[in-house]
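No lab work stands behind these numbers, since they all come straight from the coordinates. From a predicted model like this one, the values you see are computed outputs, not experimental measurements. Glycine gets a Cβ as well: all are built from the backbone with ideal geometry, and neighbour counts include every protein chain shown.
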Amino acid sequence: MQTRIETIINEVKNFSIKSREELDSFKIHFSSRKGILGVILDEFKLLDKEEKIKMGRYINSLKEEVENKIEEAQSLIVQGKEGNLRRFDKSKPQYPILMGSRNPVSIVLKEVVDIFYYLGFVVSQGPEIEDDWHNFSALNFDENHPAREMQDTFFIDKDFTLRTHTSSVQVREMEKGKLPIRTISPGRVYRNEAISSRSHCFFHQIEGLCIDEDISFADLKQTLFTFVKRFFGEKTKVRYRPSYFPFTEPSAEMDVFLGIENDDDYRITKGTGWLEILGCGMVDPQVLINCKIDTDKYNGYAFGLGIDRISMYKYGITDIRELSENDVRFLKQFTKV
Ligand code: DAH
């Protein structure tokens with residue numbers, strides 16, 4: 001038996017394994033249950049005690065030799081050094097690195113956030129699935145306000161909606177009770193509207209909120225004016241039109257003057273040269289009370305800015321649907337080089 005084992009050890013040593021197939025046949029031949037090692041072990045069991053002691057070490061070194069051989073072959077195969085496996089060719093050119101790109105909405109959103117951040121506003125966010133209190137009631141929408149109708153709002157059930165505006169985050173920030181507040185809240189909002197090139201059932205807003213002592217409409221105007229100059233250019237003109245929102249008093253809408261230099265300007269500004277970009281106003285004291293803020297001490301302003309429309313203006317995009325269709329040919333144009 002001893003010489004037989006020694007011969008097998010030699011056979012194992014000389015067995016050349018260059019491929020997965022050869023490794024498999026090595027295993028079948030030597031280490032499987034019915035292979036040589038299995039047969040030897042069966043024979044070993046039948047030996048008497050003394051013989052077992054004598055043969056044990058030969059059998060162990062055979063086992064070791066077989067295991068080493070398998071391990072060695074496996075590691076060569078993993079490294080791709082087996083004979084018939086594709087070798088790693090160091091001279092081949094690298095596969096091209098495919099760069100992703102940012103959606104224009106994300107680019108503009110970041111730009112706007114950065115400007116307000118510079119003005120001392122910190123970013124806050126709220127949930128897209130919102131309860132009635134945060135989306136409507138706390139903001140003074142009365143029971144019969146049209147925004148609460150099914151045709152304007154996506155209801156999830158009788159208590160929850162997809163938020164219709166980021167103003168809901170204002171309420172959440174005020175409820176935290178940490179004053180003063182200077183925050184901007186970017187995010188996606190949903191409205192039950194027919195989808196066309198000009199409107200979508202979801203779009204993006206940035207909400208701004210400032211609550212402090214002695215805040216005036218002049219603070220609001222100056223903040224927004226600084227933003228407009230940075231975003232649209234130093235010389236941009238703005239105008240305010242009186243408006244109505246349930247949660248601000250007084251309320252206004254702000255337009256920026258883009259002029260009518262080409263067809264796009266004409267179309268985007270409906271022939272007026274002015275583009276409406278946001279709603280704003282002084283936070284209605286009732287909203288502060290709803291959020292348990294002391295109205296003798298604090299007041300503030302708020303504004304809400306639509307991101308999709310200014311992204312479209314900035315990049316000359318004519319169809320709002322392109323912003324969410326994820327067409328690679330469209331998105332590729334926004335890859336930074
Ligand atoms: N939430 C309004 C909308 O969805 C926008 C808005 C208007 C936000 C006035 C404000 C504001 O904070 O003061 O159209």
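All C-alpha pair distances within segment 228-273, sorted into 5 Å bins from zero, spread as 5, 20, 18, 21, 18, 12, 5, 1 percent across the bins. Helix 104-118 and the long axis of the chain differ in direction by around 70°, with both axes built from C-alpha atoms. Computed from the C-beta positions of E50 and H29 and an R0 of 41 Å, the FRET efficiency is 0.85 to the nearest 0.05. When the Cα positions of N299, N144, H29 are compared along the charge dipole of the chain, H29 comes out farthest toward the positive end, with charges on each C-beta of Lys, Arg, Asp and Glu.
From least to most packed, judged by other beta carbons within 10 angstrom and beginning with the fewest, I9, I28 follow the order I28, I9. Remark: segment 121-219 carries a charge dipole of roughly 400 debye about the Cα centre, counting +1 on each Lys and Arg Cβ and -1 on each Asp and Glu Cβ.
Rounded to the nearest 20 Debye, what is the dipole magnitude of the chain about its Cα centre when Lys and Arg each give +1 and Asp and Glu each give -1 at the C-beta?
1700 debye
With the cut-off at under 14 Å, measuring from each backbone N in segment 188-209 to a point 7 Å along the Cα-to-Cβ line of E149 picks out 192-194. When the inverse distances between all different Cα atoms of segment 170-296 are averaged and flipped, the Kirkwood radius reads 16.6 angstrom.
With the convex hull of its Cα atoms as the shape, the chain has an orientation-averaged projected area of 32.0 nm². The gain in end-to-end length when the V39 to R20 segment is fully stretched comes to 4.4 nm, 0.36 nm per residue minus the alpha carbon separation.
For the peptides 293-302, 113-122, the ranking by mean Cβ contacts within 10 Å, running from highest to lowest, is 293-302, 113-122. When the Cα positions of T236, S324, G279 are compared along the charge dipole of the chain, S324 comes out farthest toward the positive end, with charges on each C-beta of Lys, Arg, Asp and Glu. Pairs of Cα atoms nearer than 8 Å and 6+ residues apart set the relative contact order; for segment 2-78 it is 42 percent. Determine by what factor the alpha-carbon radius of gyration of segment 2-78 differs from 2.2 N^0.38 Å, reporting the quotient. The reported ratio for this selection is 1.15. Write down the percent of antiparallel bridges among all DSSP beta bridges whose residues are both part of the chain, to the nearest 5. Antiparallel: roughly 95 percent of the beta bridges in the chain. Think of each Lys and Arg Cβ as +1 and each Asp and Glu Cβ as -1; about the Cα centre, that makes the dipole of segment 111-166 roughly 100 debye.
Which of W133, W274 has the fewest other C-beta atoms within 10 Å, and how do the rest follow up to the most?
Ascending Cβ contact count within 10 Å gives the list W133, W274.
Our coupling estimate for segment 168-184, obtained by passing each phi through the Karplus curve with A = 6.51, B = -1.76, C = 1.60 and θ = phi - 60°, is 4, 6, 3, 4, 4, 5, 5, 5, 5, x, 9, 10, x, 10, 9, 9, 10 Hz, Gly and Pro reported as x. Here K176 is the anchor, and the lysines within straight C-alpha reach of less than 21 Å, apart from those fewer than 8 places off in the same chain, are K292, K297.
Dividing the C-alpha radius of gyration of segment 1-131 by 2.2 N^0.38 Å, with N its residue count, gives 2.24. Full extension of the chain segment joining E72 with Y244 gains 54.0 nm, where the gain is 0.36 nm per residue of separation less the Cα-Cα distance. Counting only alpha carbon atoms, the long axis of helix 217-232 and the longest principal axis of the chain meet at about 50°. Considering only D159, D319, D48, the Gaussian network model of the chain with Cα springs below 10 Å gives its largest mean-square fluctuation to D48. Once the Cα-Cα distance is subtracted from the 0.36 nm per residue extended length, the K229 to S199 segment shows a gain of 8.1 nm. Relative to the longest principal axis of the Cα atoms of the chain, helix 36-46 runs at roughly 60 degrees.
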